[in-house]
Amino acid sequence: MTYVKDADAIPAAPAAPEGLEATAEAAMLIVFIGPPGAGKGTQAKRLLAYLGIPHLSTGDLLREAKSQDSPLGRLAAQYMDHGRLVPDPLVLEMVGQKLNEPQYAKGCMFDGFPRTLQQARSLDESLALRGTPLSLALELRADENELINRMLKRAAAEKRVDDTPQTIAQRMDVYKKQTAPLLEYYTKRGLLETIDAMGSPDEVFERIKVAVDRRRA
Ligand code: ADP
């Protein structure tokens, strides 16, 4: 178990889930970063089948809260429906609770999280306390016109309320301003792998496997 030097300065985290100590060595924690439409969810699901690590999508969790009309869901909807980010404290609380579930002891693939520097720092702190630091940050990079086309197609198929042309433009803008700085953050930590996300889902997944296997070796 590794301890961070300044762990005392970090607020107390909930107790580690049972079984974590035994599996911490093998844990693989991966963050997916990419603009809307880059295929984070699709690729995270494929990687889940390949690595056997559970997937944690903040977008899915927030949409679920919204469909259940819970207080969190009602609040989150005010941001999501306009393509804006849900405030950090809400997202961090939600992810913190989820990560304590025993299924995440052996690793996790974060999809759509972190999306701000504050979320990234907070994730690092919680993972340091668990003794399971991030293994890899995968950036999915694609041409903006291609992304917009993909999302407009998805809008027709899935009827997501945030896939309108106006909201898509807003989400792209939010990505560039609030999430893209994470690329430098993870580069500095030696964790970033950039994947060309143009091409078919199979082609992109092959590239991801190469990057992941390199880190596993
Ligand atoms: P996409 O990657 O296509 O934008 P997501 O499903 O990841 O889709 O996210 C949908 C919406 O949910 C975002 O536009 C945002 O409003 C909200 N959301 C998801 N994850 C986060 C997060 N980590 N922080 C803040 N808001 C989030």
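The values are calculated or read from the model by the stated rules, or taken from the named source; none is laboratory data. Note that the coordinates shown come from a computational prediction; the quantities given were computed from them, not determined experimentally. All Cβ positions, glycine included, derive from the backbone under ideal geometry; neighbour counts span all protein chains shown. Only protein heavy atoms, including side chains, enter the accessible area calculation; ligands, DNA and RNA are left aside. Shrake-Rupley method; radii C 1.70, N 1.55, O 1.52, S 1.80 Å.
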Efficiency of FRET from Cβ geometry, residue 194 and residue 81, R₀ 25 Å, rounded to 0.05: 0.20
Is the C-alpha gyration tensor of segment 80-217 telling us rounded, prolate or oblate? Criteria: a/c under 1.5 is rounded; beyond that, a/b larger than b/c is prolate, otherwise oblate. oblate
So what's the angle, to the nearest 10 degrees on a 0 to 90 scale, between helix 165-174 and the longest Cα principal axis of the chain? 30
Given points 7 Å out from each Cα along the Cα-Cβ axis, report the residue 173 to residue 187 separation in nanometres with one decimal. 2.5
Accessible surface, the chain, averaged per residue in Å² (probe 1.4 Å): 52
Can you count the Lys pairs in the chain whose Cα atoms are under 18 Å apart, with each pair 8 or more apart or on different chains? 9
For a quick check: with amide H placed at 1.01 Å from N, whose amide H comes under 5 Å from residue 57's, ignoring anything fewer than 5 positions away on the same chain? 111
Subtract the Cα-Cα distance of residue 49 and residue 117 from 0.36 nm times their separation in residues, and report this length gain in nm to one decimal. 21.6 nm
Just to confirm the number: angle between the C-alpha axis of helix 144-158 and the first principal axis of the chain, 0 to 90 degrees, nearest 10? 80
Kindly provide the helix-only [θ] at 222 nm of the chain, computed as the sum of -39,500 (n - 2.57) over DSSP H runs of four or more divided by all residues, to the nearest 500 deg cm²/dmol? -15500 deg cm²/dmol
Over the chain, what percent of the accessible surface lies on carbon and sulfur atoms, probe 1.4 Å? 53
Nearest 20 debye, what's the magnitude of the dipole of segment 61-191 about its Cα centre given +1 on Lys and Arg Cβ and -1 on Asp and Glu Cβ? 60
Under the Karplus relation with 6.51, -1.76 and 1.60 and θ = phi - 60°, whole-Hz ³J(HN,Hα) for segment 77-85, x at Gly and Pro, equal 4, 4, 8, 4, 5, 10, x, 9, 6
Return the sequence-ordered ³J(HN,Hα) values of segment 178-185 in whole Hz as given by the Karplus equation 6.51 cos²θ - 1.76 cosθ + 1.60 applied to θ = phi - 60°, using x for Gly and Pro. 9, 9, 4, x, 5, 5, 5, 4
